[in-house]
Amino acid sequence: MTAPRFAHLLRPELADLAAYVPHTGDHEIRLDGNEAPPLLSSNARAGVAHALAAGGLERYPDPRATELREAIAAHVGATPDEVLVGTGSDEVIALLLTTLSQPRAGADAATILTPSPTFVMYRLSAAARGIRVLEVPLDERWDLDVAQMRAAIEAGEPNIVFLATPNNPTGNRMSEDRIRAVIEAAEGALVVLDEAYVAFAPASLAHLRHVYPNVAMLGTISKIGFAALRIGWLVGPVELIREVDKVRQPYNLPTPSQRAATFVLRELRAEIDHVVAHVVGERERLGRELGRIGFGVSPSDANFLWVETNRPAKDVFEGLAASKILVRSFHARGGRLANRLRITIGTREENDRLLEAIARWA
Ligand SMILES: *Cc1c(COP(=O)(O)O)cnc(C)c1O
């Protein structure tokens, strides 16, 4: 419903968008958001709490996030001037879209290209800015369809190509040779490799940043246990970072988040590895068990499983919700997503509860 008073001022694209509404209801077990299970030691928690409580309440945060950028640079093998930090990679995506929104020569609109299905924020954030979105379906194994991607790049002249690897919601990595082919075809565009889930995967593709000048990487601490801090980053060529930095609000990162994230990256490496090892172990166990009781489970390199149901996913989703377990269903998207669920890996107990409840819906 549009307020008539402002109708003539509104961006037309907003008519097709809806504000993000988180799931309500009292779910005892939430396996819907790709968050980490709460397995940090009390020592580690105390360290983060100490960093969060650091003083300076009257002062604005460090607008350059100097220490945090240094910590991220050390973490990913970059220099601090190759790093830009946002309130989650969500903000970084929005900043990139604002920065690189000049239509390409010969194109009638600024455009982005993504595979489908993938992380929805690329599409939502672009649409909210009046940027055209081209989507190319992933192939039958949820990998890149290079021929279709090439054709879309040629016809659509995108400003940015977003590739999440491992991909959300399908959990798999895209093949490196296909990624390379897309990067090479998209010479006039920026290709963003979003590695939000890289901690759960056997390897990173960060080396491609040094091979191709049109590549930048997205990273985040949200999926490894620190979603509450809202810290994500872009690592890319200095000439790009410098421009995006003009668009960033100078005080985008609250002091407690900067301090806590710096502590996390510098001091909690071993703790994080421990949480990640738990998640990966449980991912393999849960995948095996779900397969054994009749669900289709794709290979995952992320902290969630992409699960194919025999019954409509909506029924399974609702059945689980009745057991107070929340997962993510894609039934509303229809087509080949109509019988797909995305299930975040939880604690061992949560995963056991899920297995028990979902067995009835096999
Ligand atoms: C969850 C997710 C993000 C968002 O990360 P934030 O840093 O929490 O904003 C980015 N990319 C992908 C592919 C994701 O699944």
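Here's the list of lysines a cross-link from Lys314 could span, going by alpha-carbon distance under 19 Å and ignoring same-chain residues fewer than 8 apart: Lys324. Phi angles of the stretch 160-174 translate, via the Karplus equation with coefficients 6.51, -1.76, 1.60 and θ = phi - 60°, into HN-Hα couplings of 9, 10, 9, 10, 8, 8, x, 8, 10, x, 7, x, 8, 8, 7 Hz per residue; Gly and Pro are given as x. Potential lengthening of the chain between Arg333 and His210 amounts to 40.6 nm, from the contour at 0.36 nm per residue minus the alpha-carbon distance.
Take the alpha carbon gyration tensor of the chain, find the square roots of its eigenvalues, order them as a ≥ b ≥ c, and report rounded if a/c is under 1.5; if not, report prolate when a/b exceeds b/c, else oblate. Cα axes put the chain in the rounded bin. Put simply, the convex hull of the Cα atoms in the stretch 128-226 casts, on average, a shadow of 7.0 nm². Within the shell of other residues whose beta carbon sits under 12 angstrom from the beta carbon of Arg259, the net charge comes to -2, with Lys and Arg scored +1 and Asp and Glu -1. Between Val238 and Gln102, the modelled labels are 2.1 nm apart [label points 7 Å from Cα along Cα→Cβ].
Give me the percent of DSSP beta bridges within the chain that run antiparallel, rounded to the nearest 5. Here the share of antiparallel DSSP bridges comes out near 45 percent.
Contact order, relative form, for the chain: 23 percent (alpha carbon pairs under 8 Å, 6 or more residues apart, mean separation divided by residue count). Report the full-extension gain for the segment Ser298 to His8: residue separation times 0.36 nm, less the Cα-Cα distance, to one decimal in nm. The Ser298-His8 span can extend by a further 99.7 nm. Size of the stretch 1-76 from its Cα atoms: along the principal axes, largest to smallest, the extents are 53, 38, 30 Å. For the stretch 84-176, what does the alpha-carbon gyration tensor say about shape, rounded, prolate or oblate, given a ≥ b ≥ c as the root eigenvalues, a/c under 1.5 as rounded, and a/b over b/c as prolate? Taking the square roots of the gyration eigenvalues as a ≥ b ≥ c, the stretch 84-176 is oblate. With a Förster radius of 35 Å, plug the Cβ-Cβ distance of Asp315 and Lys246 into 1/(1 + (r/R0)^6) and report the FRET value to the nearest 0.05. So, using R0 = 35 Å, E works out to roughly 0.10. Where a ≥ b ≥ c are the square roots of the eigenvalues of the C-alpha gyration tensor, would you call the stretch 190-292 rounded, which needs a/c under 1.5, or, failing that, prolate if a/b is larger than b/c, or oblate? The shape class here is oblate.
Volume per residue for the stretch 157-211 equals 84 cubic angstrom (convex hull of Cα atoms). Give me the net charge of Phe330's neighbourhood, meaning all other residues with Cβ under 9 Å from the Cβ of Phe330; Lys, Arg count +1, Asp, Glu -1. Neighbourhood net charge equals +4.
Taken over the stretch 286-344, the alpha-carbon convex hull comes to 82 cubic angstrom per residue.
Could you tell me the calculated FRET efficiency between Ala155 and Ala109, based on Cβ-Cβ distance and R0 = 22 angstrom, to the nearest 0.05?
Details: r = 13 Å, r/R0 = 0.58.
So the FRET efficiency works out to roughly 0.95.
Helical content alone sets the calculated 222 nm signal of the chain at -11500 deg cm²/dmol, taking -39,500 (n - 2.57) per DSSP H segment of four or more residues and averaging over every residue. Taken along the Cα-to-beta-carbon direction at a fixed 7 Å, the label points for Asp81 and Glu349 span 5.2 nm. Glu135 to Thr66: FRET efficiency via 1/(1 + (r/R0)^6), r the Cβ-Cβ distance, R0 41 Å, to the nearest 0.05? The formula returns an efficiency of 0.60 here. Take the Cα of Leu39, step 7 Å toward its Cβ, do the same at Ala227, and the gap between the two points is 1.6 nm. Would you mind calculating the relative contact order of the stretch 66-162 from Cα pairs under 8 angstrom and at least 6 residues apart, reporting the percent as a whole number? So the answer I get is 27 percent. The lysines whose alpha-carbon is closer than 28 Å to the alpha-carbon of Lys246, local same-chain residues fewer than 8 away aside, are Lys223. Annotation: extensible slack from Ala322 through Tyr20 equals 106.4 nm (criterion: 0.36 nm per residue apart, minus Cα-Cα distance).
Here, each number is a calculation from the coordinates, and none is a lab measurement. Keep in mind that what you see is a predicted model, and the values were worked out from it rather than measured. Positions of Cβ are generated from backbone atoms using ideal geometry, with glycine treated the same way; all protein chains shown enter the neighbour counts.
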